Amino acid sequence: MSAAPVLESPSDHALAAAYRAGDEEAAAELVRRHAPALGRFLYTSGAARDEIDDLVQEALFRAFRRLDGWRGEASFRSWLFVIGSNVLRDEYRRRKGRQIVSLEDRDLPDRADPHADLAANETAERLRQGVATLPRLQREVFLLRTQQGAGYTEIASALGTTPGAARVHYHHAVRRLKEMVT
Amino acid sequence: MNACVSLSDRMPEVALGRSDWSPEDAAHLADCAECQAEWRLLVAAAALAESAPTVADPVGLAAALRLRLAQDRAGRTTLRRGWLIGGTAATAAALVLAVASTRPADQAPITTAEADALLPLPELEGLETAQLDTLLNTIDRPVAGTSTLDASTMGEHEGEELEQVFATWEG
């Protein structure tokens, strides 16, 4: 018996083109693909847990409103992350500079070594707070590198800078975070 | 490119599980404290991303987004229609002024019916305040190709003619 043909998922480019042509299901697929990663990006950028849904929706709304602005030089996800970062910045301004890094309550998992988990949780929280306090470009470059594995050329396209500058921002971010976390 | 830079460039993909260290990379990492510190940071960052909370319901989010985008499109269509009507009304109003300014003094002032014929736009009632403000601002600008009653010519008219012009505005 021959195996059923494996249908390749349409690319983000194809989905974006389909949405522009009026296919709303294409938009839904883009949301399903990228919303979870965008939410994690926003959280590690300093958003509070209970704000993620609203921030993600706002970022996606802005993205689909100006989908013609995505020319494909950077990946759709990288482009979306930059919009998400703008949404977070606007939210910060709306609160007039009040600190937006949320201090999450730590729920100790029920494991054999709660001390190791506590240490890991503390490191993660320090890292998250450190990332949130980075200058914006350093934060975006660092997260695009570490969460998406994006290369410097793609990062430069997404952020409107050069690969060399992106590399410098990354190394600045790493240096600052090493001091904060260790 | 030195070994530290080379290792740093590869750290994200290894930390995300997309690649492995070469024997040379692993040997350098074992001997370099700076690279070890950066590697710990990258591993922690990847773990943070993995465990970070995210949207609870992507399907529900997509549905809510679809509704919001549809409402936005409907709102922008209404606004564009309002601009079109406003622009047309501004042009018609400018024409009324132009006609009024060239009307001989011994003729009767433009009647309300005549004005209505030039301004048959009850849709003005439906315009928002901001749209009406914009309409008023555009009325002050001359329409290209027509003789207009601009501010510099106002002084050439006698008081009675000015009163007639104002009367047409007031309907």
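Data overview
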{"quantity": "Check on A:Ser85, away from chain B (no Cβ under 12 Å), within 14 Å of the chain's Cα centre (by Cα) and within 22 Å of A:Ala124 (Cα to Cα)", "calculated": "yes"}
{"quantity": "Residues of segment A:21-65 satisfying the condition of being more than 13 Å from A:Val82 (Cα to Cα) and among the basic types (Lys, Arg)", "calculated": "A:Arg32, A:Arg33, A:Arg40, A:Arg49, A:Arg65"}
{"quantity": "Every residue from segment B:4-59 that is of a type outside the set (A, V, I, L, M, F, W, C) and not in a helix (DSSP H, G or I)", "calculated": "B:Gly17, B:Arg18, B:Ser19, B:Asp20, B:Ser22, B:Pro53, B:Thr54, B:Asp57"}
{"quantity": "Selection within segment A:25-43 - out of contact with any helix residue (DSSP H, G or I) (no Cβ under 6 Å at 6 or more places or on another chain) and of a type in the set (Asp, Glu)", "calculated": "A:Glu25"}
{"quantity": "Breaking point among (1) within 25 Å of the chain's Cα centre (by Cα); (2) not in a helix (DSSP H, G or I), for B:Asp72", "calculated": "(2)"}
{"quantity": "Number of positions in segment A:93-148 that are under 26 Å from A:His171 (Cα atoms) and at pLDDT 55 or above", "calculated": "31"}
{"quantity": "Complete set of residues in segment B:34-46 that are at the interface with chain A (Cβ under 7 Å from one of its Cβ atoms) and either in contact with a Phe, Trp or Tyr (Cβ under 7 Å, 6 or more places away or on another chain) or under 13 Å from B:Ala15 (Cα atoms) (or both)", "calculated": "B:Glu38, B:Leu41, B:Leu42, B:Ala44, B:Ala45, B:Ala46"}
{"quantity": "Checking B:Val96 against (1) over 18 Å from A:Thr146 (Cα atoms); (2) free of Cβ contacts under 8 Å to residues at least 60 places away in the same chain, the condition it does not meet", "calculated": "(2)"}
{"quantity": "Residues within segment B:32-62 that are surrounded by fewer than 13 Cβ atoms within 10 Å (Cβ to Cβ) and either under 11 Å from A:Leu127 (Cβ atoms) or aliphatic (A, V, I, L, M) (or both), tallied", "calculated": "3"}
{"quantity": "Neighbours by Cβ (under 6 Å, 6+ apart or cross-chain): first from segment A:156-182, touching a residue at least 60 places away in the same chain (Cβ under 8 Å) and within 15 Å of A:Phe81 (Cβ to Cβ); second in a loop (DSSP other than H, G, I, E, B) and among the aliphatic types (A, V, I, L, M)", "calculated": "A:Ser157/A:Ala74; A:Ala158/A:Ala74"}
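A quick yes/no check of all residues on (1) within 22 Å of A:Phe142 (Cα to Cα); (2) within 9 Å of another protein chain (Cβ to nearest Cβ); (3) at pLDDT 95 or above:
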{"site": "B:Leu16", "(1), (2), (3)": "yes, yes, no"}
{"site": "B:Ser22", "(1), (2), (3)": "no, no, no"}
{"site": "B:Leu48", "(1), (2), (3)": "yes, yes, no"}
{"site": "B:Ala52", "(1), (2), (3)": "yes, yes, no"}
{"site": "B:Leu65", "(1), (2), (3)": "no, yes, no"}
{"site": "B:Leu69", "(1), (2), (3)": "no, yes, no"}
{"site": "B:Thr77", "(1), (2), (3)": "no, no, no"}
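The values are calculated or read from the model by the stated rules, or taken from the named source; none is laboratory data. Just so you know, these numbers come straight off a predicted model, no measurement behind them. All Cβ positions, even for glycine, are placed from backbone atoms using ideal geometry, and neighbour counts span all protein chains on display.
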